[in-house]
1. Considering only residues of region 8-44 that are in contact with a Ser or Thr (Cβ under 7 Å, 6 or more places away or on another chain) and not aliphatic (A, V, I, L, M), which is farthest from residue 318 (Cα to Cα)?
2. For region 106-124, name all the residues that are at pLDDT 95 or above and among the aliphatic types (A, V, I, L, M).
3. So which of 144, 163, 178 is of a type outside the set (Ser, Thr, Tyr) and in contact with a strand residue (DSSP E or B) (Cβ under 7 Å, 6 or more places away or on another chain)?
4. When only residues in region 185-217 that are in a helix (DSSP H, G or I) and among the aliphatic types (A, V, I, L, M) count, which is surrounded by the fewest Cβ atoms within 10 Å (Cβ to Cβ)?
5. So which strands (runs of 3 or more DSSP E) are wholly in region 250-330 and hold at least 1 residues that are open to solvent by 30 Å² or more (accessible area, probe 1.4 Å) and over 16 Å from residue 143 (Cα atoms)?
6. Taking region 138-165 on its own, how many of its residues are assigned to a helix (DSSP H, G or I) and open to solvent by 50 Å² or more (accessible area, probe 1.4 Å)?
7. Looking at (1) open to solvent by 80 Å² or more (accessible area, probe 1.4 Å); (2) closer than 22 Å to residue 4 by Cα, can you tell me which one residue 82 breaks?
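The values are calculated or read from the model by the stated rules, or taken from the named source; none is laboratory data. In this text the structure is predicted, and so the values were computed from the model without any measurement. No Cβ is skipped: glycine too gets one built from the backbone with ideal geometry, and neighbour counts run over all protein chains shown. The accessibility values were calculated without ligands, DNA or RNA, using every heavy atom of the protein model including side chains. Shrake-Rupley method; radii C 1.70, N 1.55, O 1.52, S 1.80 Å.
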Amino acid sequence: MAGKILRAAVVGASSLLGKELADELNGATNAVWDITLLDAEDAGGTITAAGDEAMVIQTISELSFVGIDVAFFAGESSTTLEFWKAAQVAGASIVDLTGALEGQAHVLVRSPLVEGGARPNISTLAAVSAHPAAIMLALAKAKLHSTGLVRMAATVLQPASELGNAGVEEVHQQTVGLLSFKPLKKDIYDAQVAFNVVASLGAAAKLNLENSRDKIHRQIGILDGEGVGDSVTLQLLQAPVFHGYTASVFVEMSQVLDAERVRTTLLGDASQLLEEESPSNEMVAGKGEVLVRVTAISAKEGSAFWLWMAADNLRLAARNAAACALELVQLKPMSGVQ
């Protein structure tokens, strides 16, 4: 993309994910992006930052996509469904970070960060940027395939920011309420999340953890180029943290290995996985890579190991979306300014 300016529209620019995506594009070193920020009418006219640059969010309309090379949808699913066809008609490549388009014809769940899976072609209408937890686990699964991976079992801890600004705000309000002995606000989770780890949310919650677990499980299979198999089992818990996924992962191989061999396999060849002594939500903040620690179950060589993993869900999703966009624009003539 050297010498080419790509025009991007970030839809849902006032969301946590939209802001992270604007920062990622603004700081990109492998492409030059001219960014337009779009959102619903109530956010129109708001001044926000994209990297070091102050920008004004514009109110979205069907005409917003004229001359745009890539339309990123990072806000509400309803907005994606309402405007993605207008972006397509305008000639924009489409990257969906909301997941609203998954399952539609000629729409591909994609992570260029993971080796494997189907690649977009000229008939691809849009790319759904894969769920960050699916990317995190698929990266490890793909790397360990050469060691004869037999089984992977993961307990994944989901942060509040996966539900956007509203999810983070409610956890904050619950924390303050508990410390001041006030009634808890439960509009988003329909459950106490602050100071609590739960395996399911209330019936009126805005998110169903079982559905999210199934989505992550399904996408792991898609990213690794195989159907959803018995080699991966998954549990998803809602954690009382604002940002960052963490996961405790049990892996079993058909070969007898030492921990060093497993580390070398995971971290070699420009891997998106980075070794860290104690990965955490705080440590991974702002990083587009996944942090991992490998621990042998036995002091001797064996076939089973524990992985402790951490990923910044917003940064990883933004980096993956940008990579999806570059794949799509390479498939057709571009309309950006030289």
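1. Among those that are in contact with a Ser or Thr (Cβ under 7 Å, 6 or more places away or on another chain) and not aliphatic (A, V, I, L, M), it is 41.
2. Scanning region 106-124 gives 107, 108, 109.
3. Values: 163 fails: in contact with a strand residue (DSSP E or B) (Cβ under 7 Å, 6 or more places away or on another chain); 178 fails: in contact with a strand residue (DSSP E or B) (Cβ under 7 Å, 6 or more places away or on another chain).
Of 144, 163, 178, the one residue that is of a type outside the set (Ser, Thr, Tyr) and in contact with a strand residue (DSSP E or B) (Cβ under 7 Å, 6 or more places away or on another chain) is 144.
4. Taking region 185-217 first, the residues in a helix (DSSP H, G or I) are 209-217.
The next check asks that each one be among the aliphatic types (A, V, I, L, M); those that pass are 209, 216.
Values: 209: 18, 216: 25.
Taking the candidates together, the pick is 209.
5. On the way: elements: 273-275, 290-296, 302-311.
Fully inside region 250-330 and qualifying: 290-296.
6. Filtering region 138-165 for residues assigned to a helix (DSSP H, G or I) gives 138-147, 160-165.
Next cut, open to solvent by 50 Å² or more (accessible area, probe 1.4 Å) only: 145-146, 162, 165.
Count: 4.
7. (2)
For (1) open to solvent by less than 50 Å² (accessible area, probe 1.4 Å); (2) free of Cβ contacts under 8 Å to residues at least 24 places away in the same chain; (3) assigned to a strand (DSSP E or B); (4) within 18 Å of residue 320 (Cβ to Cβ), each residue gets a yes or a no:
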{"residue": "20", "(1), (2), (3), (4)": "yes, no, no, yes"}
{"residue": "25", "(1), (2), (3), (4)": "yes, no, no, yes"}
{"residue": "30", "(1), (2), (3), (4)": "no, no, no, yes"}
{"residue": "36", "(1), (2), (3), (4)": "yes, no, yes, no"}
{"residue": "42", "(1), (2), (3), (4)": "no, yes, no, no"}
